[in-house]
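Shown next, in structure tokens, is the structure this report addresses.
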Amino acid sequence: MVVQVAYFVTDLKFVTILGNDVAAGFSAAGNLWFAVLALTQILNSERPRWSRTRRREAARARESRVQPVFDDVGVHGLFVFVGLYAVASPYMHLEAADAVVAQAGIDYLMA
């Protein structure tokens, strides 16, 4: 997570060269970016528990031939990814001061 914060701060340093509106959009989008980062860290920390559960459920599934739908961490990652794209535009228009700042934040999140 420290590397991700360093990445964001470094990006912010170079984005400020592009202008105040772009930097404001980048900074506002950073709030959502860190929320998604925290969510993915939570999902990643649950993976060992899911692996143990998955082995038990795989043994049961062999008996009953039923496999749980939300068994894979990749499925959860896909939901986070789709959720980010669904929420990014409304969030930025709600969070940003004007349309230019909102568009800069949307461009950052969608890149």
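The numbers here are math on the coordinates, done by the rules we state, and not lab data. These figures come from a predicted structure and were not determined experimentally. Heads up, the Cβs are rebuilt from the backbone with ideal geometry, glycines too, and the neighbour counts pull from every protein chain shown.
Listing for the model above:
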item: Segments 1-14, 22-35 sorted - mean Cβ within 10 Å per residue, highest first; result: 22-35, 1-14
item: Fewest-first sequence of Y85, Y91 by Cβ atoms within 10 Å of each Cβ; result: Y85, Y91
item: Theoretical gain in end-to-end length, I17 to D107 [0.36 nm per residue, Cα-Cα removed]; result: 30.8 nm
item: Local electrostatic count, N31, Cβ distance below 15 Å [Lys/Arg +1, Asp/Glu -1]; result: -2
item: Projected label distance in nm at V87 and A38, using a 7 Å step from Cα toward the beta-carbon; result: 1.0
item: Approximate spin-label separation L94-Q4, in nm, with each point projected 7 Å along Cα-to-Cβ; result: 2.1
